[in-house]
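Undergrad: What follows is a single structure, and I will ask about it in a moment.
Taken together, the values in this text are just the output of simple stated rules run on the coordinates, not laboratory data. The structure displayed is predicted, hence computed values, not measured ones. Please note: Cβ atoms are built from the backbone with ideal geometry, for glycine as well, and neighbour counts cover all protein chains shown.
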Amino acid sequence: MIKKQTIIDLIEAHFEGSDKFIVDIKIRTGNIIEIFIDAPNHILIADCVELSRYVESNLDREKEDFDLQVSSPGLDQPFVVAKQYLKNLGNQVTVTKANDEVLNGELLKANDQEIFLREIKNEKNKISKKKEKIENTHQLLMSEIKETKLIISF
């Protein structure tokens, strides 16, 4: 079976000096290799094709056969690496915390350890009974986050 580190090393060598990054690599039974890549702006099909050809040319099918698939993670897929948070600063996201609490808001800031999320809710004022916009900024450690997904709006 092809080792994951071998694939990581090949991708990192290919991406050296570019802004592209690895999101995830899965190697399934039967040497089915799935590579998910991204970049701060976007990934083109040509980027996927180029990486696929590079990886394939550096692996020996005579020694070990494999099936290779390279793509960007789908818009509906949860974030996997911190760079995806950075890419989506200013966008609306849904964050599910480890305790299953769900927060929706604007991703304000992110780094390898934490994110900051601005959540705006309409809540009824207990005295006036009118709805008011309540703004909260949440600081969440990455270890507190179960899943984060981009809110897609058209």
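Undergrad: Once you have the Cα-Cα distance between THR6 and ILE120, take 0.36 nm times their residue separation minus that, and quote the gain in nm to one decimal. Spell out each step's value before the answer.
TA: Working: separation 114, 0.36 × 114 = 41.04 nm, distance 4.49 nm.
Working it through step by step, the gained length comes to 36.6 nm.
Undergrad: While we're on this one: Only Cα pairs under 8 Å and at least 6 apart count here; give the relative contact order of the chain as a rounded whole percent. Walk me through the intermediate numbers first.
TA: Values: 256 pairs, mean separation 27.9, N = 154.
So the answer I get is 18 percent.
Undergrad: Work out which GluC sites (Glu not before Pro) in the chain are exposed loop sites (DSSP not H, G, I, E or B, at most 16 other Cβ within 10 Å) and give the longest gap free of them.
TA: Working: sites that count: GLU16, GLU62, GLU64, GLU101.
Counting only loop sites that pass the neighbour cut-off, the longest clear stretch is 102-154.
Undergrad: How large is the charge dipole for segment 1-123, taken about the Cα centre, if only the Cβ atoms of Lys, Arg (+1) and Asp, Glu (-1) carry charge, to the nearest 20 debye? Don't jump to the answer; show the numbers that get you there.
TA: Details: 14 positive and 23 negative charges, 30 e Å.
Charge dipole, segment 1-123, about its Cα centre: 140 debye, nearest 20.
Undergrad: Indicate the gyration tensor shape class of segment 22-72 (rounded, prolate or oblate), computed on the Cα atoms with a ≥ b ≥ c the square roots of the eigenvalues: a/c under 1.5 is rounded; otherwise a/b larger than b/c is prolate and the rest oblate.
TA: Oblate, since a/c reaches 1.5 and b/c is not below a/b.
Undergrad: Let me ask you something else. I'd like the FRET efficiency for GLN139 and VAL80, computed as 1/(1 + (r/R0)^6) with the beta carbon distance as r and R0 of 22 Å, rounded to 0.05.
TA: The value I calculate is 0.55.
Undergrad: Could I ask something else about it? Excluding the sites themselves, what is the longest stretch of the chain that contains no trypsin sites (Lys or Arg not before Pro) in a DSSP loop with at most 13 other C-beta atoms within 10 Å? Kindly include the intermediate steps, with their values, before the conclusion.
TA: On the way: sites that count: LYS3, ARG61, LYS63, LYS126, LYS129, LYS130.
It runs 64-125.
Undergrad: Please compute P(r) over all alpha-carbon pairs of segment 82-150, binned at 5 Å starting from zero, and give each bin as a whole-number percent.
TA: Going out from 0 Å in 5 Å bins, segment 82-150 shows 4, 18, 26, 23, 11, 8, 6, 3, 1 percent.
Undergrad: Return the distance in nm (one decimal) between the two label points of a simple spin-label model at GLU64 and THR96, each offset 7 Å from Cα along Cα→Cβ.
TA: Simple spin-label model gives 3.3 nm for this pair.
Undergrad: In nanometres, what is the gap between the two model label sites at GLU16 and GLU56, each 7 Å from Cα along Cα-to-Cβ?
TA: Rounded to a tenth, the inter-label distance reads 2.4 nm.
Undergrad: Taking the 0 to 90 degree range and rounding to the nearest ten, how far is the long axis of helix 4-15 tilted relative to the main principal axis of the chain, both from C-alpha atoms?
TA: 80
Undergrad: Given R₀ = 25 Å, what would the calculated FRET efficiency be for SER128 paired with ASN104, taking r from the Cβ atoms and rounding to 0.05?
TA: FRET efficiency, SER128 to ASN104: 0.50.
Undergrad: Can you check what the net charge comes to around ILE33, using other residues whose Cβ is under 15 Å from the Cβ of ILE33 (Lys, Arg +1; Asp, Glu -1)?
TA: On the way: positive: LYS3, LYS4, LYS26, ARG28, ARG53, ARG61, LYS63; negative: ASP9, ASP24, GLU34, GLU56, ASP60, GLU64, ASP65, ASP67.
Here the count lands on -1.
Undergrad: Can I ask one more? So which lysines pass the test for LYS133, namely a Cα distance under 17 Å, with those fewer than 8 places away in the same chain ruled out?
TA: Those lysines meeting the cut-off are LYS121, LYS124.
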